[in-house]
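The values are calculated or read from the model by the stated rules, or taken from the named source; none is laboratory data. All values reported here derive from a predicted model rather than from experimental measurement. Note: ideal-geometry Cβ built from the backbone for every residue, glycine included; neighbour counts use all protein chains shown. What goes into the accessible areas is simple: the full protein's heavy atoms, side chains included, and nothing from ligands, DNA or RNA. Shrake-Rupley method; radii C 1.70, N 1.55, O 1.52, S 1.80 Å.
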Amino acid sequence: MTQFFTGLTLYFCLTLLAIGGESALIPDKDSTKQKLVTFIDQNLTVATARLEQAVNINSGTLNLAGVKQVGQFYQSQFNAIGFQTHWVDGQSFGRAGHLVAEHLSKHTNAPKILLIGHLDTVFAPADAFQQYRPIDERYVAGPGITDMKGGNSIILLALGALQASGTLDQLSIKVVLTGDEERSGEPLSKSKAALIDAAKWADIALGFEDGDSDIKTAVIARRGSVSWELNVSGKPAHSSQIFQPEVGAGAIFETARILNEFREGLSDYGELTFNPGLMLGGTEVEYDEQSASGRAFGKSNVIAQTTKVTGGLRALTPDELAHAKQVMQNIVQQNLPHTSATLVIDDGYPPMAPTAGNRNLLALYSAASESLGFGPVIAVNPRNAGAADISFTAEYVTMSLDGLGLMGSGGHTKYEIADMQSFGTNAKKAAVLLYYLSQHKTDPTEL
């Protein structure tokens, strides 16, 4: 109950900020902000060197040893600024595991902040793209440099600044760096447990992905991403008998009906999108889930007996997702003669809805940016923000914000390039945001 009231109070304070501007909530303590900025400026060269070290350790999701090595590399840095750390072993969900670091304030009413990053990348050890490589004075290429080892480095730099300025103890902070963001371990109940447990503890969640790679934006909403699988059966027979009462329409026609009705029923619903990515149909079908590939056999004079379709579904809110699931299941159950169908929708990534709390947190982040002379920050169009680990925390915290990491382009490709000008800038913005959060009043009557 105490956590509820603390979160509610903080929500109230940030609502006042959104109405009244920065001065409505934050005392003018330029000396503290200057300490944060000075620390980051003085330590940027060291932080950049450490970022290079992290990028040069291959940590493709299934390179379990590499993921753990990166985790240990960050673990020593958290220990150095006074955080307690531990490694969550991932054997039970088929991954390396997660790094958890925490620093709990002595003040019982200190805001509880969850900071989120991830250790893994999409680049396997055999990939040709393995090394940190400066392009010019501003840009650097490297596997996972923006997604998201740069974000992890910004977390450490911002927290180091808070410690040096003497304000770290005004916050209780937990950091979770997951080892399976790019390819989630299963079951999700185990692979996401450390993240969700931290979210249940926290008031606020901050994610350090690179968002849409625009330093003038941050993420207040992410569409959830779930996968689905449709299996359809029909009655095999000679094609000359198709549509006859005793034979029916066959599996492929039933599949076409279902997919078209999905399109008609959902294509204009909110921010929802859905896509059938693979379809196999015929007399015989074989599908390999690991490689997302398969084969089908059929003849033009034989009515198809079976089809399989796999696809994805993205929704902005839990209500959108629930509505889509119900509509799709209803369509699947209205079968053509002599056909049957089943639809399985996985859990996947839940939506991070654009709540009022998230908007108020963005207003505070924008105020921090403007106070530093970097200009305002606006919300990313949710169509431009993919799913991320913060989505698993959104329903448990009062407010969330993501996209605070290192900006760049070409993520998930050999052209992944970081704009290093954003490194110090976003570290300063994150540090000042955390400082602002540390200054909230715990008693609404004081406002």
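Annotation: I378 fulfils all but one of (1) of a type in the set (A, V, I, L, M, F, W, C); (2) modelled with pLDDT of 95 or more; (3) crowded, with 17+ Cβ neighbours inside 10 Å; the unmet one is (3).
Any residue in the range 384-395 that is open to solvent by 50 Å² or more (accessible area, probe 1.4 Å), within 21 Å of L162 (Cβ to Cβ) and outside any helix (DSSP H, G or I)? First the steps, then the outcome.
From the range 384-395, those open to solvent by 50 Å² or more (accessible area, probe 1.4 Å) are 384, 395; that's our starting set.
After this cut, where a residue has to be within 21 Å of L162 (Cβ to Cβ) as well, the list is none.
No; the residues of the range 384-395 include none that is open to solvent by 50 Å² or more (accessible area, probe 1.4 Å), within 21 Å of L162 (Cβ to Cβ) and outside any helix (DSSP H, G or I).
Annotation note: Cβ proximity below 7 Å between a residue of the range 231-250 that is touching a residue at least 40 places away in the same chain (Cβ under 8 Å) and a residue that is among the charged types (D, E, K, R) and assigned to a helix (DSSP H, G or I) (sequence gap 6+ or interchain) occurs for V232/E254; G234/E254. Taken together, the criteria place A256 among residues that are assigned to a helix (DSSP H, G or I), more than 30 Å from A110 (Cα to Cα), of a type in the set (A, V, I, L, M, F, W, C) and modelled with pLDDT of 95 or more.
Listed by first and then second residue, the pairs with beta-carbon distance under 6 Å, at least 6 apart or on different chains, first residue in the range 46-70 and free of Cβ contacts under 8 Å to residues at least 60 places away in the same chain, second open to solvent by 70 Å² or more (accessible area, probe 1.4 Å), are I57/Q69.
The set of residues in the range 203-262 being on the phi > 0 side of the Ramachandran plot, in contact with a Pro (Cβ under 9 Å, 6 or more places away or on another chain) and buried (at least 19 other Cβ atoms within 10 Å of the Cβ) consists of G248, G250. Of G82, G90, G66, G60, all but one fail to be modelled with pLDDT of 95 or more, more than 19 Å from L433 (Cα to Cα), of a type in the set (G, A, S) and over 26 Å from the mean Cα position of the chain (by Cα); the exception is G82.
Given the structure, is E186 farther than 17 Å from L115 by Cβ, under 16 Å from the mean Cα position of the chain (by Cα) and either outside any strand (DSSP E or B) or polar (S, T, N, Q) (or both)? So E186 fails the test. Could you list all residues from the range 297-328 that are open to solvent by 30 Å² or more (accessible area, probe 1.4 Å), touching a residue at least 12 places away in the same chain (Cβ under 8 Å) and among the hydrophobic types (A, V, I, L, M, F, W, C)? Matches in the range 297-328: F297, V302, V327. Scanning the range 115-129 for residues that are among the small types (G, A, S) and touching a Phe, Trp or Tyr at 6+ places or on another chain (Cβ under 7 Å) turns up just one, G117. I'm trying to understand the selection: among the residues of the range 267-278, which are over 11 Å from L230 (Cα atoms) and either surrounded by fewer than 19 Cβ atoms within 10 Å (Cβ to Cβ) or out of contact with any helix residue (DSSP H, G or I) (no Cβ under 6 Å at 6 or more places or on another chain) (or both)? Listed by number, the residues that qualify are S267, D268, Y269, G270, E271, T273, F274, N275, G277.
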